[in-house]
Amino acid sequence: MIDLHCHLLPGCDDGAEDLEQSIEMARLSASQGVTVMACTPHIFPGVYDNRGPDIRKRTAWLQARIDDAGIPMRLVTGGDVHVAPDLVAKLKAGEALALNDSRYVLVEPPHHILPPNMEGLFFNLLSARYVPILTHPERMSWIDRDYDLLVRLVKSGVWMQITAGAILGKFGSRAKYWSERMLDDGMVHIVASDAHGPVARAPLMGEAREALNGLVGEEEAMNLVLVRPRAIIDNLAVAMTPPPPEPSVKQTAIEDATVWGRVARYFGAR
């Protein structure tokens, strides 16, 4: 499996506190079948001032420590990039990082306040030929009233990442409901751990894959934890990846004849 959202780098955000925790997280992930992990610290100016060049150095340093520990794990760079109006400029300048320097970038919106122009932000990323991946929407407090927004974003070409722990009920019944709802509606592209430590918010990819087998079947489960994540780190075009399954309940409220539909068709072969 490939875990593309993990706060593994020690001492740079609210994830691993020190090298010992990072090593234990990597060891736990490897024991569950994860062979590649993305180091994705928060990039949140004024709160977590992580920058691309420093993330690269820290990832190379941690890779050497993991190799010394005998853990069969490959690390790639990335960031849990918080929404910002200048996000495209930061990506182009290398201040913010896409996953493994690909076209795919993790984007985290605020948990409790929906930004007024979030569709515009994602439109800018798509127009710049990035594929934004919205992180853990199932845990956002605004999903109840703005689920149609997520539907529109997916139709536009935005990918969705849900959390392994949410599928397992670790974030409560509400997040579990929305993770299952999004899977049922064909709205999920990848599953990642978003792990922050070896005990609290631990990496649970193996357990999540077993749960996914029952929810979406073994083939789609592997698409979520291996096939699409591997396409991301290999920087394959969206058209070369397996699409999520058709929703079990047809989404009729959102029409394709919108600006988002046109954007999706225009960038569909990128």
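The values are calculated or read from the model by the stated rules, or taken from the named source; none is laboratory data. Fair warning: this is a prediction, and the values are worked out from it, not measured in the lab. As a convention, Cβ positions derive from the backbone with ideal geometry for all residues, glycine included, and neighbour counts pool all protein chains shown. Please note that ligands, DNA and RNA were not included when accessible areas were found on the heavy atoms of the full protein model with its side chains. Shrake-Rupley method; radii C 1.70, N 1.55, O 1.52, S 1.80 Å.
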- Is it true that residue 198 is within 16 Å of the chain's Cα centre (by Cα) and open to solvent by 10 Å² or more (accessible area, probe 1.4 Å)? no
- Output the number of residues of the stretch 155-196 satisfying the condition of being part of a helix (DSSP H, G or I) and aromatic (Phe, Trp, Tyr). 2
- Message: With the structure loaded, tell me whether residue 121 is assigned to a helix (DSSP H, G or I), among the aliphatic types (A, V, I, L, M), in contact (Cβ under 8 Å) with a residue 24 or more places away in the chain and surrounded by 15 or more Cβ atoms within 10 Å (Cβ to Cβ) or whether it fails that test.
- Response: yes
- Query: Quick one: would you say residue 21 is open to solvent by less than 80 Å² (accessible area, probe 1.4 Å), among the polar types (S, T, N, Q) and either at positive phi or in contact with a helix residue (DSSP H, G or I) (Cβ under 9 Å, 6 or more places away or on another chain) (or both)?
  - Reply: no
- Query: Does residue 225 satisfy the condition of being in a helix (DSSP H, G or I), open to solvent by less than 20 Å² (accessible area, probe 1.4 Å) and farther than 24 Å from residue 41 by Cα?
  - Reply: no
- Task: Output the number of residues of the stretch 131-154 satisfying the condition of being open to solvent by 30 Å² or more (accessible area, probe 1.4 Å) and either in contact with a helix residue (DSSP H, G or I) (Cβ under 7 Å, 6 or more places away or on another chain) or not in a helix (DSSP H, G or I) (or both).
- Result: 3
- Out of all the residues in the stretch 134-178, which are of a type in the set (Phe, Trp, Tyr) and free of Cβ contacts under 8 Å to residues at least 40 places away in the same chain? 142, 147, 171, 177
